[in-house]
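What follows is a short report on a single structure.
The values are calculated or read from the model by the stated rules, or taken from the named source; none is laboratory data. Owing to the predicted nature of the structure, the values given are computational and were not obtained by experimental measurement. Glycine also receives a Cβ, built like all others from the backbone with ideal geometry; neighbour counts cover every protein chain displayed. Side chains included, ligands, DNA and RNA excluded: accessible areas come from the protein's heavy atoms. Shrake-Rupley method; radii C 1.70, N 1.55, O 1.52, S 1.80 Å.
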Amino acid sequence: MRFSELYAPTLKESPAEAEVISHKLLLRAGMIRKVAAGVYTFLPLGYRVIRKIEQIIREEMNRVGGQEILMPVIQPADVWKQTGRWDQYGPEMMRLEDRHGREFALGPTHEELVTALVMDELRSYRQLPLTLYQIQVKFRDEIRPRFGLMRGREFIMKDAYSFNANIEQLQASYSNMYDAYSRIFTRCGLNFRAIQAATGLIGGKVSQEFTVLAESGETTVLYCDACNYAASDEIATTRLPEPSTEAIKPSEVVDTPGVKSVTEVSTFLNVPETKIVKTLIYKYGAREIAAVLIRGDRDVNEEKLSALLGTTDFHLLAGIEWGDYPELVQGYVGPVGLKGARLIADNEISVMRNFVVGANKTGAHIISVNVGDDFQVQEWADVKLVKAGDRCPECDGTLLATRGIEVGQIFQLGTKYSDAFGATFVDEDGEVKPYIMGTYGIGVSRTAASAIEQHHDDNGIIWPISIAPYEVSVLVLNYDREEQKEIGDRIYGGLEERDIEALLDDRIESAGKKFADSDLVGFPLQVIVGARTIKSGNIEVKVRATGERMEFPLEQAVDKIAGTVIRMRESLKLEA
RNA sequence: CGGGGUGUGGCUCAGUUUGGUUAGAGCACCGGUUUUGGGAACCGGGGGUCGGAGGUUCGAAUCCUCUCACCCCGACCA
């Protein structure tokens, strides 16, 4: 491709709408343009990146026996009503009607459709396992789309579904997918981790997220410094501290006028926050109240609490709502003598002794409180948000925290969808059974953005060669000079012949502009054809990632460049 | 949905508080001359009616009302 013919409008300044680096650079490099909030057009360079990622995904899906299909973007309501998700999904699912008033949705995912697809014809255990996948546009009407491709409303996703006859088959499919995902993200040149994850609305039990490590990520990842435990903070757990060995003291009410928050209590009574137990009041359902006991320095993990309460419809009791519950004394709520609330205690309380709680009386706290002596706990649970410095749940190590971008997630789903549809097969033993399903997704457009988050510098993007829009840019600094034109054309032609993807910068532009654009767009290798090195019989090659410069004799240039590209490719290759 | 903010040429932004000549700058674009290895210089040029609608006024980018879009924080979520 010749740059002079390429539609790649680069920008010197980033548009004001962009916040994160991937969004800014995608816009500046002329790879995407916004159409509406969270909706983008891919320009030629951007689309080439997407297609490269898709191709890697295809190869790895096919390798583990996946078969590619293509389902529609638009889906009829009835399949969603069968699983109940028509109501569960909420406004995130974009709904529309056709001219006859029939209800449809833009597919936010395709579990329903694929189950409905196979159930009539996938009747025998002999046909199992089966894995189907597609690369398709999805639409989720995000409350707040942001960060360009990182959190769009319309996005490209690979989704795969396995239909298995039994748990062992499911685990094998899952394990294959795990391997395929590892290969995919490795081949894309990403630094990632597979972490334990919440299953949320999709359902199922076992699930892992593939997370690209990057500061701008929206997921907090906790990982062990000693073993390979890694989990999203939504579900991370921790091993409890050793039980306190303090002698139990009798409790005592003390005056704490105007002292409400944990920080204030800690200062006023001169006790560490870790010896305070706070009582958080959540309202859920119609007007039910849950009092959640948690160590003073902790935060509640509302993801865990949601699972416990069995609803997402709950919130911390807010301002005026306190008036509805006169028995609750705002700022001084405590478990001792508390009435009218479901008491949930974080299991960490169980190892604490002689702690401080609110006295359910304005301006007073109780010190030296102990479970069993001063109040009873019926419901112990893990409701805390685990943080860096906590102990690893699986070994003696300590947990560290980092941010990550979720680019893929795999689920052992079970029979949720097959049960809902009555989607069954006949097993070896003649019994009719529901398929055991797995579902496996990769955010393709998000993967492209996360690669930029992880690989960029002040000058622009640094694409891993496997997903770069072109592998080499050939910068002919003065294309209007016959000698340079001739050399540039020859190198470009030679690279094409060797199946090296090259972009010839034949524009009549200043050298500075060509360098800047090439750095910005992020081609892994720059070949520089200019008067300075031609004079000495050489051409110059720059590695974008390292800034390393090499000179090759003109007559060997094509071979040497091709050799360099092939070596770079191989650094991301995996053995078969 | 709650809170905050922004809409002025393709992009970045000034002008709005205190209404008053033909609405400005840089970048980008077009023509020319000179340049030519890190977003070149000079000369000349085209392009906006100030997000939209309505209103106030002799006069509105500027004031008022309504409305739309976009961005940020939060709730929600892969």
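Annotation: A:D489 fulfils all but one of (1) among the charged types (D, E, K, R); (2) surrounded by 17 or more Cβ atoms within 10 Å (Cβ to Cβ); (3) free of Cβ contacts under 8 Å to residues at least 24 places away in the same chain; (4) within 12 Å of RNA strand B (Cβ to nearest atom); the unmet one is (4).
Report, by residue number, each residue of the stretch A:220-234 that is open to solvent by 50 Å² or more (accessible area, probe 1.4 Å) and assigned to a loop (DSSP other than H, G, I, E, B).
Residues satisfying the conditions are A:D225, A:A226, A:N228, A:E234.
A residue that is open to solvent by less than 40 Å² (accessible area, probe 1.4 Å), in contact (Cβ under 8 Å) with a residue 12 or more places away in the chain and of a type in the set (K, R) occurs nowhere in the stretch A:123-137. Consider the stretch A:22-45 and keep the residues that are in a helix (DSSP H, G or I) and open to solvent by less than 40 Å² (accessible area, probe 1.4 Å). The one that is nearest to A:R153 (Cα to Cα) is A:H23. With respect to the stated conditions, A:T245 fails to be open to solvent by less than 70 Å² (accessible area, probe 1.4 Å), under 21 Å from A:E348 (Cα atoms), modelled with pLDDT of 85 or more and not in a strand (DSSP E or B). Within the stretch A:541-565, the set of residues being assigned to a strand (DSSP E or B) and either away from RNA strand B (no atom under 14 Å from the Cβ) or open to solvent by less than 30 Å² (accessible area, probe 1.4 Å) (or both) comprises A:V541, A:K542, A:V543, A:F552.
Report yes if A:V472 is touching a helix residue (DSSP H, G or I) at 6+ places or on another chain (Cβ under 7 Å) and more than 8 Å from RNA strand B (Cβ to nearest atom), otherwise no. Yes: the conditions hold for A:V472.
Checking each residue in the stretch A:89-117 for being exposed (fewer than 15 other Cβ atoms within 10 Å of the Cβ) and closer than 24 Å to A:T311 by Cα picks out A:G90, A:P91, A:E92, A:R95. In summary, A:E19 fulfils each of the numbered conditions (1) more than 9 Å from RNA strand B (Cβ to nearest atom); (2) surrounded by fewer than 16 Cβ atoms within 10 Å (Cβ to Cβ); (3) assigned by TED's automatic domain parsing to the domain that holds A:L130 with the single exception of condition (1). Residues that are part of a helix (DSSP H, G or I) and either free of Cβ contacts under 8 Å to residues at least 24 places away in the same chain or farther than 14 Å from A:R153 by Cα (or both) within the stretch A:71-100 comprise A:A77, A:D78, A:V79, A:W80, A:K81, A:Q82, A:T83, A:R85, A:W86, A:D87, A:Q88, A:G90, listed in sequence order.
Look at (1) surrounded by fewer than 19 Cβ atoms within 10 Å (Cβ to Cβ); (2) out of contact with any helix residue (DSSP H, G or I) (no Cβ under 8 Å at 6 or more places or on another chain) and you find that A:N301 fails only one, number (1).
The residue that is surrounded by the fewest Cβ atoms within 10 Å (Cβ to Cβ), among those in the stretch A:406-423 that are part of a strand (DSSP E or B), among the hydrophobic types (A, V, I, L, M, F, W, C) and touching a Phe, Trp or Tyr at 6+ places or on another chain (Cβ under 8 Å), is A:F411. Scanning the stretch A:485-500 for residues being under 17 Å from A:N538 (Cβ atoms) and either of a type in the set (D, E, K, R) or modelled with pLDDT under 95 (or both) gives a total of 2.
Where strands (runs of 3 or more DSSP E) sit wholly within the stretch A:101-210, those with at least 1 residues that are at pLDDT 95 or above, within 16 Å of RNA strand B (Cβ to nearest atom) and on the phi < 0 side of the Ramachandran plot occupy A:130-139, A:154-164. Restricting attention to the stretch A:424-478, which residues are under 26 Å from A:F552 (Cβ atoms) and either without any contact (Cβ under 8 Å) to a residue 60 or more places away in the chain or assigned to a strand (DSSP E or B) (or both)? Within the stretch A:424-478, A:D457, A:G460, A:I461, A:V472, A:S473, A:V474, A:L475, A:V476, A:L477, A:N478 qualify. Within the stretch A:156-182, being closer than 15 Å to A:P434 by Cα and either of a type in the set (A, V, I, L, M) or not assigned by TED's automatic domain parsing to the domain that holds A:T109 (or both) holds for A:A165, A:I167, A:L170.
Taking the stated definitions as given, is A:A516 in a loop (DSSP other than H, G, I, E, B) and among the small types (G, A, S)? When the stated conditions are applied, A:A516 does not pass them.
When the stretch A:525-537 is filtered for residues that are at pLDDT below 95, in contact with a strand residue (DSSP E or B) (Cβ under 7 Å, 6 or more places away or on another chain) and within 8 Å of RNA strand B (Cβ to nearest atom), only A:T533 remains.
If you go through the stretch A:75-102 and keep only what is acidic (D, E) and closer than 24 Å to A:T312 by Cβ, you end up with A:D87, A:E92.
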